[in-house]
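A short worksheet on the structure shown next.
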Amino acid sequence: MRRIPAGLGLAIWTALWAGLALAQDVQVSASLDKDVVGLNQTFALVVEVRGRDVEGAETELPPVGSFASFLGRSSSQRFEWSNGRSSRTVTYEFLFRASELGQHEIGPVKVRVGGNTYSTKPVRINVRPGPPPGAQPGLDRSGNDDLVADRELFLRASADRTRVYQNEPVVVEFKIYTLVPVSTYAITSPPSTAGFWSEEYETPDRGPQTTTEVIGGRRYTVAVIRKLALFPTAPGTKTVGAMTVDSEVRLRSRRRSRDPFDIFDSGLFGSRTVPKRLQTQPLEIEVLPFPAQGRPANFSGVAGSLNLRASVDRRQVDANQAVTYRLTVSGSGNLRTLPQPEIEFPDGFEVYPPKISESMNLESDPIGGRKVFEWVLIPRSPGKKTLPAVEVAFFDPSSRRYKSASAPALELEVTGDPDAPAVAGARSRGEIRQVAEDIRFIKTRDSDFRRRGANWWGGATFWALALGPLLAVALAFGYRRHSDRLAADVAYARQRRAGRRARKRLASARNLQDPEKQEEFYAEVGRALSGFVGDKLNIAEAGMISQQVKPRLAEKGASQELIEEYFECIRTCDLKRFSPVAATASEMADFIGRAEKAMTRLDREVKG
């Protein structure tokens, strides 16, 4: 047997001990923000990962069974420097709502760091019939309740009606009531609106307007922090989920201390900032079905009131020329869900698919909007043509009856030669090409003749041989610079590889499109979404906080609508991973297409 040289042996032992020291450097722990919680109250599972290199840590929660439902998550990180060594602590907070009484155990949380897997110790929680002692229903207690009482600051959700017909709008307002100065607040868990078509009111640029309201003899300052118009999509009892808000309250110190260093705790001028978590109660909406008796065959599904208006851009047109037929539907209700009317245009017309535009007016009373259908028609034969009348039925909730709106028939005079070629005019919107062109025009100019075989050095072969080596050198130089930059510039390398890594993760997710693998599927899509935006901005996925990432995306050119859609996809992944309701294969396929579309738009809009 050959002996290992002493120097090589020492190097191997050094590497082994370094790897062992690095592995032992990682510490994980799990805890609960409260050990006792009331039924339907929220609690947080806090997981801390500490070590020198824990930036890419991934967590895997154990099954919690039916005793709690997952609401959302957040993460943060902090750095420490002690005795010449640095360490990082990444904190994950998973928010749940207790839904089953009794003593329950949450098993170990698995944490993957640098190829190694660590497990936390189990934690136990006691769910009691009511809220914890001293708590008001619907309000979360925090560690600062002795400083900020529930009666001084709370959150409420209210609906303008709780009994509506299907697709009839319900306006829900989320208000903060306060007797104390609130310095900041953030919506950490938006309300669930499953079973509703949701439209959100715009928040003023200067922040929400405040009013005053007297409750129990106390005058509160009130602000609407979120307002939604919800249209229930199916009958039955629907629930608007609870919304969670984390706020910071600035209070004057209520005690005097002789400790001269107390100014660092209570503030230089006798005040301090304390956190307070607020939560609304879920709202139940009773949704009535549309009456079966008297329902017309052309019922549109709209609950409200409709008006129809039909028009053409001209009443006289030559054969094979384009004319635009416009149908405008306006009124109250959710016009976004209005289907395309089925119109039987007369024979002899070539009909192109309509262009559809729509808008909603949430400030009108009742809520309504406008939807416009535009068809491009080409008459192929002359004569008087009649474009048929259009009728659309709707349900009027005020009278509880079906009604209809109609637009009259329109007369169109078609003139000219039916054998003339169809040339798209200015009104065809560039959608019509010239047709009926059987004979090509005779060339009227001389052709450009060249002698073959002469002056070969001016041809393509000559220039390819002459410039080919120079082009190869330029490509090699560019590739070398690209490789050097990938090795030296981490941000550039992550941006260049963002798309490839995201596509690889989405490909893995497609292989998991099985209702029995729902948790793995949504976890993989969530990693693809978080990893893609992390690579684009060169930030750690583990410490990514949406309230910090959203402004950076906006600075780089991403639209606000895209940013909200992107993070809604991430939130959906978190909710679906722990949802007790299994998703279907078609829902998974639709969602992965939605996520891929969001990443494509983000890649196009975000500047490097």
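General remarks:
- Calculated FRET efficiency for the pair Glu152/Ser586, C-beta based, R₀ 56 Å, to 0.05: 0.70
- Region 170-212 - Rg over Rh from alpha carbon coordinates, Kirkwood radius: 0.98
- Projected label points at Ala554 and Ser198, each 7 Å from Cα along the beta carbon direction, are separated by 1.9 nanometres.
- Counted charge near Gly102, where neighbours are those whose Cβ lies closer than 15 Å (Asp, Glu -1; Lys, Arg +1): -1
- Full-extension gain in nm, Ser29 to Glu344, via 0.36 nm per residue minus C-alpha separation: 106.6 nm
- Given their separation in residues at 0.36 nm each and the Cα-Cα distance between them, Arg380 and Gln103 gain 91.9 nm when the chain is fully extended.
- Backbone amide hydrogens, once placed in the peptide plane, bring Thr280 within less than 5 Å of Met243, excluding anything fewer than 5 places away on its chain.
- Phi angles of region 163-175 translate, via the Karplus equation with coefficients 6.51, -1.76, 1.60 and θ = phi - 60°, into HN-Hα couplings of 9, 9, 8, 4, 6, 8, x, 10, 9, 10, 10, 10, 10 Hz per residue; Gly and Pro are given as x.
- Measuring r between the beta carbons of Trp463 and Asp313 and using R0 = 51 Å, the FRET efficiency lands at 0.45.
- Amide hydrogen neighbours beyond the local backbone of Val606, cut-off 5 Å, H modeled: none
- Take each peptide in 163-172, 381-390, count the other Cβ atoms within 10 Å of every residue, and average; sorted highest first, the result is 163-172, 381-390.
None of the figures in this text is laboratory data; all of them are computed from the coordinates on show. Remember, predicted model here, so these are calculated numbers, not experimental data. Don't worry about glycine lacking a Cβ; one is built from the backbone with ideal geometry, like all the others, and counts go over all protein chains shown.
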